[in-house]
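The values are calculated or read from the model by the stated rules, or taken from the named source; none is laboratory data. This one's a predicted model, so the numbers in the text were calculated from it and none came from an experiment. Ideal geometry is used to build each Cβ from the backbone, glycine not excepted, and the neighbour counts take in all protein chains shown. Each accessible area value is taken on the protein alone, full model and side chains, heavy atoms only, with ligands, DNA and RNA left out. Shrake-Rupley method; radii C 1.70, N 1.55, O 1.52, S 1.80 Å.
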Amino acid sequence: MKISVFSLLLPEFSFEEQVALLRDLGYDGIELRVCDIAPEHQGKPFSNWGNHKDPIGPSNLARSVPRLKAAAAASGVEICALGTYVNLLDPAAFDAIAASAVELGARMVRVNSPWYDGREPYDRLLELAVAGLESVETSARRHGVKAVLEIHHGSIVSSASAARRLFEGFDSAAVGAILDPGNMVHEGHETWAKGIDLLGPYLAHVHVKNATWVLKEKPAGGPFAWEVRNARLREGHANWRTIVQALAAAHYGGWYSIEDFSDMPIKDKLGDDLAYLKALAA
């Protein structure tokens, strides 16, 4: 089992500090977030989706490659993937990022599918996503990397079935899916074994986090209102013991990347998550 951490969880650390921390905790790799900091977040307190101490984005990735590569090599922590925000509706930025991924030794580059809010018909969004994926597939083949698309609630790819529909006919050596059970608690849950079976050769990467449904309002006469909140790996609705067993049965040999947003001090959380995953795999 190869286990990494998505650097989104480490906004208060430089890249050198990130890989040193992960080395000391016993992790194998890091999934590097590639996102420029929006002007409204610059200078603000560090946060997952806001300001980062050492932001790596499309604007500075290429010139940062030597520093990132040296720090990763010195720590022995592999850069397993680049977590970008390239959307299939606008795939132009993928090619340059894929070129940098090759230099860094990262074999996967994340892309996102269109969001679905009901204003645009699903079939039209799927058509546009297929066109974007064709462009991304061509670039991924040329660079020898794999474009990996995260199963994400609120998007047109919120389930394994939806991912398989998008990927059908594409080269599984060049494109694949990120199984994200935490996201699928929100939307898109199928039994884990079936979902993994559906993804088949397109299963490329696994994000590790959890979430749970909680009762928000209980008005007289109903309906009750529920919402999803982040949860520790062992406490949410996604049964990670079952998931790890299903992945093993499917002979999955890829990365497990921690993306745990539960409310714990970061070092305690990453240490506990690593120990828990290893215990499940034992």
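Okay, here's what the table says:
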quantity	calculated
Mean Cβ count within 10 Å, highest first, over the residues of peptides 32-38, 228-234	32-38, 228-234
More than 14 Å apart - percent of Cα-Cα pairs taken over the stretch 1-61	54
Dipole moment magnitude, nearest 20 debye, the chain about Cα centre, only Lys, Arg, Asp, Glu C-beta charged	420
Estimated inter-spin distance, Glu187 and Arg234, nm [label 7 Å along Cα→Cβ]	3.2
Debye log10 I(q)/I(0) for the stretch 109-230, one point scatterer per Cα, at q = 0.14, 0.18, 0.19, 0.20 Å⁻¹	-0.62, -0.93, -1.01, -1.09
Value of [θ]222 nm, deg cm²/dmol, for the chain, DSSP H segments ≥ 4, -39500 (n - 2.57) each, nearest 500	-11500 deg cm²/dmol
Solvent exposure ordering (accessible area, 1.4 Å, most first) of Tyr122, Tyr85	Tyr85, Tyr122
Projected label distance in nm at Arg67 and Met1, using a 7 Å step from Cα toward the beta-carbon	3.4
Solvent-accessible surface ranking, highest first, for Thr84, Thr212 at 1.4 angstrom	Thr212, Thr84
Virtual spin-label span in nm between Arg119 and Tyr85, 7 Å along Cα→Cβ	1.8
Value of D in µm² per second that Stokes-Einstein yields for the stretch 185-282, Kirkwood Rh from Cα pairs, at 20 °C (1.002 mPa s)	143
Under 17 Å from the Cα of Lys216 - aspartates and glutamates, other chains or at least 8 residues apart	Glu227
Unsatisfied cross-links (Cα-Cα over 19 Å) in the set Lys2/Lys53; Lys2/Lys194; Lys194/Lys269; Lys209/Lys269	Lys2/Lys53; Lys2/Lys194; Lys194/Lys269
Accessible surface, the stretch 80-229, averaged per residue in Å² (probe 1.4 Å)	42
Inter-part distance where the stretch 152-199 and the stretch 208-282 are each reduced to a Cα centre, Å	17
Chain lengthening between Glu168 and Glu227 when straightened (0.36 nm per residue, less Cα-Cα)	18.0 nm
Dipole magnitude (debye, nearest 20) for the stretch 1-156, charges at Cβ of Lys, Arg, Asp, Glu	340
Length added when fully stretched, Ala96-Glu127, from 0.36 nm per residue minus Cα-Cα	8.7 nm
Kirkwood Rh in Å, taken over the chain so that all alpha-carbon pairs contribute	19.3
Apportionment of accessible area to carbon and sulfur, the stretch 72-169, percent (1.4 Å)	51
Packing-based ranking, highest mean first, of 176-182, 235-241 given that Cβ atoms within 10 Å are counted	176-182, 235-241
Radius of gyration and maximum dimension Dmax of the stretch 94-166, Cα, Å	13.1, 40
Highest average packing first - 271-281, 44-54, 131-141, Cβ atoms within 10 Å	131-141, 271-281, 44-54
Convex hull (Cα only) mean projected area of the stretch 1-128, reported in nm² to one decimal	9.3
